[in-house]
Every structure is written in structure tokens, then in C-alpha cells.
Amino acid sequence: MEVTLDGNSLSIEQIHSVARRGAKVLVSPEARANVQRSRDVVERCVAAGTAVYGVTTGIGEFARIRISLEQCAELQRRIVYSHSAGTGDPQPKDVVRAAMLCRANTLAKGYSGVRLCLLDTVIDMINKGVVPYINEKGSLGTSGDLSPLSQFAEVAIGEGRAYYRGELMPGGEAMKRAGIKPTDLTYKEGLGLINGSQMMTGGAALLIYDAERILKNAMIASAMTLDALRAVARAFDPLVHRVRPFPGQNAVAGNLLRLIANSEVMAHRTGRVQDGYSIRCTPQIMGASLDTLEHVRRIINIEVNAAADNPLFFGEEDEYFAAGNFHGQGIGMVVDFLCIAMSEVANLSERHTNRLLNPVLSGLPDFLVEGKGLNSGLMVSQYTAAALVSENKVLSHPASVDSISVSADQEDHVSMGPIAVRKCTEILKNVRTVLAIEMMSAAQAFEFHEGRRPGKGTATAYDLIRSKVPKLVDDRVLYPDIEDIRQMVEDCSILDAVEKEIGPLNLARDMELPRPNVPA
């Protein structure tokens, strides 16, 4: 697969393909022309002696100080050195590759004022597998992801550290082994590599890709619970949801009906008329998370294809502007929103597990095992789910409401978006495990329905789970079972099998719904 950058059309799916599957990256001829036009403006400004932020002046609080032409190249190198001040564990390699791709796309948009050879160096690093070692902490998400992108820039100039073919080594050695000539920085190019939001944007793009698949797994888990508890399916009728036309709600309701279709278990339902909220309102609750995800996707798509840089150089207008397109507030806020949305997916799942394990609510054996007293069954698996959802609630506190002034108050409002991305990454890990516990519990609940088959989709999930995790008869160690199912959630093997059986599950963007009636 090839991905061609033009600065305007890079998608989240393409970011996934490059970051995780090694798709080759190219740059369109139009983008190359735009990069050159932007660079020409830089050259004219320098030749005219114009004071240009970060080119012929210092940066941050030092923007008031003019730099001589002889010092300009050295300034760019020192910008990289001085901003490489991160700490913490290394960023995952796929996140680094996503960030490199997003930065390359910003450069390809043609407003950053760098030379084509610098862009080509970045593209070569991506295509030949040089992955800079970048610490996960230190960026405020404003003035760009300065510290992490500086560690990327170090490798581009033949310094720092990088992974090549799985081995961590000096950056210059990695570039040499990959056959890439490090770049020499000149006017604007140190800033051109570091002054943007691409570390958190690349990370957010991968979170969106993963969250969509987690939400589809959550619908399967919910359907298994509804089926095993013989829920009142009329709550999911299209007529109900059509008159409240949120796309996510309608998508979830429709998917649940497809998943439980032809269930022999539900055909033997009791005579109750409605279920508790966590069952009856599954489309309304999970649908809100689905709609949130679609909003987050739209915002991150904009940022992926934006000129997130400073200063900006406009070739056609022959203008330059020092402004604030590096500020990551928009990314930080929507990723915080995604944290809330995905935490709610886990909250709902844990409540489903509770209803499966509580005999008063389920009508099934206590904790889904025979032998009261001697066996505890799945009791403590709910403790794990409860611990994780509680942790997610703490992690859902928004990072973007915080700000600390830096750089002698020149940079007196910052987004903290990178913290939101790290929090969301941990939340998604927890959600997968909580869903695995719900699936394990629902699969066990099916064992008490006298051999009746679940629905078309839920039976497929049940069969795949049973291929790895046997029915619980007497107490055994549970964490291997949880981990086996969690792995199937992460690698999407359950999702793939179910979609092969019943067709793709719909997301919010798949729904075309009428607008609600609005009184004149």
C-alpha cells in the first residue's frame, strides 16, 4: 500500500497503515511545488533583512533579539538541542511513526518554509524504518509538541537515538545503516520540524482507530448480555429510535437487533415488560459515546491536514505571519471528551457484568457457577472490572482545563493535550479488559439456558470464546481466561468473526437519519 501526502487528504486509516503496517509514503508533485513556493518566501525575507520570528530572531521570550545571517543556521540547531528536554518512558514506536507522518503532511501542505530536501529526509526515515527514541513526557501541547518533536529532529540531523530494525542505537548510526543522509538545518528548519501538534495528533489518530473497534466489540459484549439475560427486545425497535434520531443511538440499536437475531435463548423470555436502565438504555448510553467519537474524528481529521506551524509562509501572497496555529487546545479538548466517552463504555459494561452475576437480577445461579459456598465462580472478576472503571473515572478528569505559564509568561496558556492522549491510551487498555470480563460472564451465562443457541452474532462470539476459554464448572484461576478474551478484543478476532457472519456493524457515520420534527 502507498500513501501520497498532499497536505490536505491524509486520513486516520492511512495513518494506521503507515504507523503500524509499514505502508510506503510518497509526496505529490503539487505538494512539492507548494513547499518550494513557501521556501522562496523565506529566502526573500532573509535576503531583505526582514525580522522573522525564529528565522532572524530568537524564539519565545528571545523573539526581541535579532540574529545575524551568519548565526541563523546555528540558531536552528540550538533550537533542537535546547528543546530536547523530555522525560519518562519511550513513546510507542507506532505513535512516533504516526507523529512523523503527520509532521511530514504538515510540511507537505506548503506553509512551513522548509526546503524540499528536509521533507525528503523525513519521508526516507519513515519508509526505511528509522524510528526516533522519544520520551513520553515533557510536552505542554502548545508552541507545538516541542520536546518530543525535538528528539525526532535530533535524529533527522544525525544525532539523538533511534530504533532501526528493532535495535536502539545512536541516531547517526541508525541513519547510516538505513542509507539516509542526515539533513543540515538552515533558516526556519529547526522550528519547521518541531513547532506543531503532531505528536499528540498522531497519537490521537491511532486512539480513534482503536476506539472505533473497541466500540464495536462493546456492542457485541452488550448483545451477549442482552441475549443471556433474555432482555425485552422491543426497547431496541427502530420505531423507538427513529423518533430520537441521534446517529449513534440508532446505530447501536440496529446493531444489537442484528446481533441477537434468531436467538433461541430470547425466544424463552419471561413476561416482564421492561428491563433496568443499563440494559434498556444501552443504545442511548453507548450511542452517545459513538456520537462523541465521530465528533473527535472530525476534529482530528482537520488537524491532521492543517498548517500547524509558526511562522507560516504563504507563497502565492508572498507573505509571512507569526501567529498561533501550533496551539493544541482543540486536540486536547476533544481527546478529553474521548476519555469520557470511552470511560462510559466501560461503566456500562461493568453494570452489565453485575446484572449477569447477581442472581436476583439475572435469574441465573449465583456468580454463574453451581455449588454455592464451595465455588465463588466469576465473583471476583467483577472486582477487577470495578477497579478499572474507577481508575478510568480518575483518568477522565480533563487535562485541557489546566494551564501553566512558561517561557517568562510569553507562553502563558498551554493545552496539556499530550496528557489527554496518554490518559486516553490507558483508558482504552482498561476498557478492553472490562469488555473481556463482560464477554466471559455472558458466555458463562449461556451455559444455563438448556442448550438453546444464542443469536446469530452472539453465538459466533460465544463459539470463538469457547474455543479458547472452557465453561467454568469448578473454580479455577481466572486471569488467564480474562487475558485470552482481552487479547481477542484487542486483535479484533471476535469482531472479525461476527462481522463475517452478520456483516459490518454500523457506526454513527453510517447512519442517514431524518432530522427531528421542529415546530414552525
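Here, each number is a calculation from the coordinates, and none is a lab measurement. Remember, it's a predicted structure, so these values are computed and weren't measured experimentally. Counting neighbours? That spans all protein chains shown, and the Cβs are built from the backbone with ideal geometry, glycine included.
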Go through Lys24/Lys93; Lys372/Lys456; Lys468/Lys500; Lys24/Lys500; Lys423/Lys471 and tell me which ones have a Cα-Cα distance over 25 Å in this structure. Lys372/Lys456; Lys24/Lys500; Lys423/Lys471
Quick calc, Glu74 & Lys176: beta-carbon distance into FRET formula, R0 25 Å, rounding 0.05, result 0.55
Candidate lysines - alpha carbon under 23 Å from Lys188, same-chain residues fewer than 8 apart omitted: Lys109
Give the aspartates and glutamates reachable from Lys137 as a straight Cα distance under 13 Å; neighbours fewer than 8 places away on the same chain don't count. Asp89, Asp145
As a footprinting exposure proxy, order Val131, Val273 by other Cβ within 10 Å, with the fewest listed first. Val273, Val131
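Calculated from DSSP H runs of 4 or more alone, at -39500 (n - 2.57) each and per residue, what is the 222 nm mean residue ellipticity of the chain, nearest 500?
The per-residue figure over the chain is -18000 deg cm²/dmol.
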Stretched fully, the stretch from Ala323 through Asn358 gains (0.36 nm per residue minus C-alpha distance, one decimal, in nm) 6.8 nm
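Between Glu426 and Ala33, what length comes free when the chain is fully extended (0.36 nm per residue of separation minus the Cα-Cα distance, one decimal in nm)?
Length gained, Glu426 through Ala33: 137.4 nm.
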Taking only the alpha carbons of segment 334-463, the radius of gyration and the largest Cα-Cα distance, Dmax, both in angstrom, are 20.0, 72
Explain nothing, just the number: relative contact order of the chain, from Cα pairs under 8 Å at least 6 residues apart, as a whole percent. 18
Taking the Cα atoms only, what angle lies between the long axis of helix 146-156 and the longest principal axis of the chain, rounded to 10 degrees? 70
Computed over segment 1-133: relative contact order in percent, which uses C-alpha pairs under 8 Å that are six or more apart: 38
Estimated FRET transfer efficiency (Arg476, Asp89; beta-carbon r; R0 41 Å; 0.05): 0.75
Inter-probe distance in nm under a simple model that places probes 7 Å from Cα toward Cβ, at Ala386 and Lys500: 3.8
What do you get for the angle between helix 417-446 and the principal long axis of the chain? Use alpha-carbon atoms, 0 to 90 degrees, nearest ten. 20
Which Cα, out of Met333, Ala233, Cys72, lies furthest along the positive dipole direction of the chain (beta carbon charges, K/R +1, D/E -1)? Ala233
³J(HN,Hα) computed for each position of segment 106-113 - Karplus, 6.51 cos²θ - 1.76 cosθ + 1.60, integer Hz, glycine/proline x: 4, 4, 5, 5, x, 10, 8, x
Cα convex hull of segment 13-101: mean projected area in nm², to one decimal? 8.3
Add +1 for every Lys or Arg and -1 for every Asp or Glu among the other residues with Cβ under 11 Å from the Cβ of Pro365, and state the total. -2
Point-to-point label distance, Met379-Lys24, nm (Cα→Cβ direction, 7 Å offset): 6.1
Could you work out the local net charge near Lys109, counting Lys and Arg as +1, Asp and Glu as -1, over the other residues with Cβ closer than 9 Å to its Cβ? -2
What does the charge count near Glu43 come to, summing +1 for each Lys or Arg and -1 for each Asp or Glu among other residues with Cβ under 13 Å from its Cβ? +2
Taking Cα atoms, the helix 493-502 axis meets the longest principal axis of the chain at an angle in degrees (rounded to 10) of 70
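For Lys137 and Ala48, compute 0.36 nm times the residue count separating them, minus their Cα-Cα distance, and round to one decimal in nm.
Result for the pair: 28.1 nm of gain on full extension.
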Computed FRET value (nearest 0.05) for Glu264 with Lys393, which takes r as the C-beta separation and R₀ as 30 Å: 0.20
Cut-off is 10 Å between beta-carbons; in what order do Leu207, Leu507, Leu193 appear when sorted fewest neighbours first? Leu507, Leu207, Leu193
For the chain, what is the per residue volume of the convex hull drawn over the alpha-carbon atoms, in cubic angstrom? 168
Can you give me the pair-distance distribution of segment 2-196, C-alpha pairs, 10 Å bins, whole percents? 10, 37, 38, 14, 1
Taking the Cβ of each residue in Cys117, Cys339 as the centre, tally the other Cβ atoms inside 10 Å and list the residues starting with the fewest. Cys117, Cys339
